[in-house]
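Peer 1: Could you have a look at this structure, given as structure tokens, before my questions?
The values are calculated or read from the model by the stated rules, or taken from the named source; none is laboratory data. Computed from a prediction, not measured in an experiment: that's the story for all the values here. Glycine also receives a Cβ, built like all others from the backbone with ideal geometry; neighbour counts cover every protein chain displayed. Accessible surface areas use protein heavy atoms only, side chains included; no ligands, DNA or RNA. Shrake-Rupley method; radii C 1.70, N 1.55, O 1.52, S 1.80 Å.
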Amino acid sequence: IIHVGCVDHIPLIDKKIKDNTYLHKRLNEVAFKQFGIDNSREGVEYMQQKLKYDNVAYEDILEGEIHETITSDKWDAMIMGEILEHIDNPVHFLRCIHDRYKQYVNELVITVPNALSISNTLNSFKNIERVNSDHRYWFTPYTLNKILHLAGFIPLYHEFATYYPVNHKGVKAVRNVLVKYLLTRNPAFRSDLVMVAAFGNK
């Protein structure tokens with residue numbers, strides 16, 4: 001696995017490790033081999049020096065030399081979680097990734113916020129939008145398929161997912177049962193969209 005954007009937000013890392021929600025740690029536990037790249041030098045140094053990760057490196061994914069660890073092997077997948085919605089030009093961004101890494105990686109696994117989520121649906125009844133102010137886009141299966149295709153990828157399949165488990169207790173338990181039932185019956189209401197695409201030859 002090549003893990004793009006492996007650092008996350010530095011102030012949140014220790015808490016996520018404690019909560020067992022830090023993605024690089026979770027991937028390390030299941031992957032035969034993982035290598036993380038990020039364009040935050042400070043963040044990579046934090047992971048290397050404080051957290052003692054030896055499988056991360058600074059890399060600008062769009063330009064400059066590709067790290068020798070990547071070019072010396074063939075990788076099953078590149079994972080890019082919750083990044084694309086922050087990018088000004090997602091087609092150009094994905095096209096650069098496709099052209100630069102296609103000879104080294106088989107598939108791209110990408111996650112983005114789901115425009116069809118139940119929270120967006122409920123907020124629309126209130127005539128409001130709740131959004132991270134650093135986000136540029138919402139995505140649906142069609143729009144994500146479209147930009148991946150334009151960038152040279154071959155979309156394979158998608159799934160809907162929830163970002164955090166719905167597992168509150170006490171007075172919220174009844175509500176949680178209803179939410180779990182609704183998200184099971186109507187997966188498109190879930191908060192995130194996960195897409196798997198093959199690196200094509202375009």
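Peer 1: Between residue 74 and residue 188, how high is the FRET efficiency from 1/(1 + (r/R0)^6) when r is the Cβ-Cβ distance and R₀ = 30 Å? Nearest 0.05.
Peer 2: Values: r = 35 Å, r/R0 = 1.15.
It comes to 0.30.
Peer 1: Further question: Let me make sure I get this right: for the range 81-156, a, b and c are the square roots of the gyration tensor eigenvalues over alpha carbons, sorted descending. Under 1.5 in a/c it's rounded, otherwise prolate if a/b > b/c, else oblate. Which is it?
Peer 2: It is prolate, given that a/c is not under 1.5 and a/b is the larger ratio.
Peer 1: Moving on. Add +1 for every Lys or Arg and -1 for every Asp or Glu among the other residues with Cβ under 10 Å from the Cβ of residue 22, and state the total. Each step should come with its number before you reach the end.
Peer 2: Details: positive: 15, 16, 18, 25, 26; negative: 8, 14, 19.
Charge balance in the 10 Å sphere: +2.
Peer 1: Can you send over the carbon and sulfur percentage of the accessible area for the chain, probe radius 1.4 Å, protein chains only?
Peer 2: 55 percent
Peer 1: Share of antiparallel DSSP beta bridges in the chain, in percent to the nearest 5?
Peer 2: Bridges in the chain that DSSP calls antiparallel: roughly 50 percent.
Peer 1: Something else about it: Quick one: order 58, 22 from most to least accessible surface, probe 1.4 Å. Please list the in-between numbers first.
Peer 2: Numbers: 58 85, 22 0 Å².
I get 58, 22, largest accessible area first.
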